[in-house]
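Structure first, then comments.
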Amino acid sequence: MPQNLLEQLRKYTVVVADTGDIEAMEKFRPQDATTNPSLITAAAQMPQYQAIVDGVLVDARKKLGANGEDQAVANLAFQQLAIAFGKKILAIVPGRVSTEVDARLSWDTEATIAQAHAIIAAYDAAGIGRERILVKIASTWEGIRAAEVLEKEGIHCNLTLLFGLHQAIACAEAGVTLISPFVGRILDWYKKDTGRDYQGAEDPGVQSVTKVYNYYKKFGYKTQVMGASFRNINEITELAGCDLLTISPQLLAELEATEAELPLKLDPVAAQAMPIEKIVVDKAAFEKMHAEDRMATDKLKEGIEGFSAALVKLEGLLAKRLAVLEARTPAAV
């Protein structure tokens, strides 16, 4: 019998669910799962997860006391909410969950390290070992330096919002566990910049991840590549063989419903034979390469701002819900 694309993809690549929706994970049973502030914000507004939201709000209020300001309670609650969803997810997936550091800390190495420690401590208190957690950090120079410290402590990191080869090389040199290059967002930028569409192997996002994958395999880096942020299943099939791919429930369903041959596209053995030149990326080189890459510059800034805005929205929603639970008028922001 012919196999669907999802079944075939699983033979080449670890399939990860890119969602905060527990029900979607129960349906597709991925190996791992990733979340981000936008996904957590969306899930927090679903009626079926109201009890989780209410539970973290009550706990946050207890920790900060009756005099704690609503905004402070909401801020603590959002941090705990990501972990509450993470614990639910880990009851379903056999592998790991990625839990994101506050995007507003993306340019602050020390604050990122401190919040990563808090995330790991919360999972540890729930009896969940750090081998099942990836702390998700934006791929700024400061974020990469934080990840380098955390990895040496045995805390595994997923470097996200990655758009350029300079970011990928810096992450590999820092010894991070995993990177998440954003395929679809790269495509979005080029479509807007050039006014044309791209298909298959000519997709700039596909080309970017392929280049990073081949570079890593050529030089024997242990850091794994997890393609993310897909716009269509063609981007996914063009990256068959990538270490991991994190895919939305909608695209997982489309892959499952499609029967076609799926050839291997990325091959570590083939990469080792490629004539690729090694690049040294120190801070000066990173900043120079980043400044010269308009797409990476634009998308990193936009991504951090977008995730930060999602957190502000989530904190506002949590503050309003807190007032409802406490049967009072919400405090003015």
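The values are calculated or read from the model by the stated rules, or taken from the named source; none is laboratory data. Worth saying up front: this structure is predicted, and the values here are computed from it rather than measured. Positions of Cβ are generated from backbone atoms using ideal geometry, with glycine treated the same way; all protein chains shown enter the neighbour counts. Surface accessibility is based on the protein's heavy atoms, side chains included, excluding ligands, DNA and RNA. Shrake-Rupley method; radii C 1.70, N 1.55, O 1.52, S 1.80 Å.
Brief remarks follow.
- Taking Glu110, Glu235, Glu315 as the candidate residues, the one with maximal mean-square fluctuation in a Gaussian network model of the chain, Cα springs under 10 Å, is Glu110.
- For Arg61, the accessible surface of its heavy atoms amounts to roughly 40 Å² (probe 1.4 Å, protein chains only, rounded to the nearest 10).
- Relative contact order, whole percent, for the chain stands at 23, derived from Cα pairs under 8 Å and 6 or more residues apart.
- Each of Leu255, Ile276, Asn234 was placed along the dipole of the chain (beta-carbon charges, centred on the mean Cα), and the one lying farthest toward the positive end is Leu255.
- Relative to the longest principal axis of the Cα atoms of the chain, helix 294-325 runs at roughly 20 degrees.
- The magnitude of the dipole of the stretch 230-315, with charges of +1 and -1 set on the Cβ of Lys/Arg and Asp/Glu and taken from the Cα centre, is near 340 debye.
- Stokes-Einstein D (µm²/s) once Rh is taken as the Kirkwood radius of the stretch 203-333 over alpha-carbon pairs, at 37 °C in 0.692 mPa s: 178
- Largest accessible area first, the residues Glu26, Glu238 order themselves as Glu26, Glu238 under a 1.4 Å probe with ligands, DNA and RNA left out.
- Around the Cα centre of the chain, unit charges on the Cβ atoms of Lys, Arg, Asp and Glu (plus for the first two, minus for the last two) sum to a dipole of about 400 debye.
- When only the Cβ of Lys, Arg, Asp and Glu is charged (+1, +1, -1, -1), the dipole of the stretch 166-206 relative to its Cα centre reaches about 120 debye.
- Over the chain: helical MRE at 222 nm, DSSP H runs n ≥ 4 each giving -39500 (n - 2.57), nearest 500: -17500 deg cm²/dmol
- Rounded to 10°, Cα long-axis angle of helix 204-218 versus longest principal axis of the chain: 80
- For the stretch 143-193, the list of GluC sites (Glu not before Pro) that fall in a loop by DSSP and count at most 15 other C-beta atoms within 10 angstrom reads Glu153.
- Amide H to amide H distances under 5 Å link Cys157 with Val135, Thr177, Leu178, where only residues 5 or more positions off or on other chains count and H is placed in the peptide plane.
- For the stretch 24-61 versus the stretch 109-125, the inter-centroid distance based on Cα atoms is 19 Å.
- For the stretch 46-53, Karplus couplings with θ = phi - 60° (6.51, -1.76, 1.60), whole Hz, Gly/Pro x: 7, x, 5, 10, 4, 5, 5, 4
- Computed E for Ala253/Val58 - FRET, C-beta separation, R0 25 angstrom, nearest 0.05: 0.10
- Restricting the stretch 258-303 to GluC sites (Glu not before Pro) that sit in a DSSP loop and have at most 14 other Cβ atoms within 10 Å of their own Cβ leaves Glu261, Glu277.
- With Cα atoms as the point set, the chain shows a radius of gyration and Dmax of 20.0, 67 Å.
- Heavy atoms of Thr41: accessible area, 1.4 Å probe, square angstrom to 10: 10
- By DSSP, the beta bridges lying fully in the chain are antiparallel in about 5 percent of cases.
- Centre separation in Å (Cα based) which lies between the stretch 292-322 and the stretch 230-266: 27
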